[in-house]
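Following: one structure in structure tokens, then a few remarks.
The values are calculated or read from the model by the stated rules, or taken from the named source; none is laboratory data. Just so you know, these numbers come straight off a predicted model, no measurement behind them. We place every Cβ from the backbone using ideal geometry, glycine too, and count neighbours over all the protein chains shown. Please note that ligands, DNA and RNA were not included when accessible areas were found on the heavy atoms of the full protein model with its side chains. Shrake-Rupley method; radii C 1.70, N 1.55, O 1.52, S 1.80 Å.
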Amino acid sequence: MTSNPNRLEARQRLRELRDSLGTLEQQLDDLEREEAAQHEEIDQLDRYIDAVDTKFSSLQVFWNSLKQEWLKSRR
């Protein structure tokens, strides 16, 4: 019983294609994980910026109140 070289070649090619598909799927999974991590980092940065903005606004209100009190006391 002899094997047909075309069949062996086709099977080898199919194995290579399956391996390539597996590699591509793994790369896609890795990219999706990286993207999710980047989105989380962006969300954290957004929260940090909001916190800084809130503190800055509070400082502005405090400073204006302090300035007004100072000006009142000098009159």
Per-selection Kirkwood Rh - region 29-75 (Cα, Å, 1 d.p.): 13.6 Å
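Using a 1.4 angstrom probe, figure out how much accessible area the chain has per residue, in square angstrom, rounded to the nearest whole. If you can, show how the numbers build up before the last one.
Numbers: 7610 Å² over 75 residues.
Dividing the accessible area of the chain by its residue count gives 101 Å².
If you place +1 on the Cβ of every Lys and Arg, -1 on the Cβ of every Asp and Glu, and leave all else neutral, what size is the dipole of the chain about its Cα centre, to the nearest 20 Debye?
So the dipole magnitude of the chain works out to roughly 500 debye.
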So what J values fall out for region 41-54 if you push phi through Karplus, 6.51 cos²θ - 1.76 cosθ + 1.60 with θ = phi - 60°, rounded to Hz, Gly and Pro as x? 5, 5, 4, 5, 5, 4, 5, 5, 4, 4, 5, 5, 4, 5
